[in-house]
């Protein structure tokens, strides 16, 4: 079980979506693919953050294969899942995990680092922050790296009963595919092709990995 990415994004209405802070866990990927994987993770997080409204929670498998029935999808380590929670403060927390990782624990983790971020940074710190061409961590959050390392072991998370208590007043929307998060008519492949945030090499990496049904494909 793995969590590959956690991050906080601005998704203030009327403002450009932008990554405010993030960390990745890419030890499973070879040196030559890490740059492309990092770009795809960050781009995917931004796509979902932009489409997550305040107060909503989403979890979606990051492939595009529709099931023919409504039975729950079985855990699959080769399919990444994107988990998102939009806050009324104009930020969205994103976690990207493999399919074996419990979505409830991912959302509990998102709660933690979003609370830390909002405590550290008032809304005025990011609401009018200009978007730069290659944003990384304009508002760094100490402890984010510790979170992603610690939560590689779900046993380090809070007891399931506490997680359930934290989430009992919310609803996590489980989508059949990542396209359930997108707007009507949007296709992932088209977004990849049009993206200015992905380099040509990352777009090629995405296409090749998708053909091979590789676990490093995020969408």
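Some observations on this one:
- Ordering of 6-18, 143-155, 93-105 by burial proxy (mean other Cβ atoms within 10 Å per residue, highest first): 93-105, 6-18, 143-155
- Stretch gain in nm, segment residue 124-residue 35, where the contour uses 0.36 nm per residue and the Cα spacing is subtracted: 28.9 nm
- Packing-based order for 31-37, 55-61, 43-49, using average beta carbon neighbours within 10 Å, highest first: 43-49, 55-61, 31-37
A short reminder: the numbers here are calculations on the coordinates, not readings from a lab. Not measured: the values here are computed from a predicted model. We place every Cβ from the backbone using ideal geometry, glycine too, and count neighbours over all the protein chains shown.
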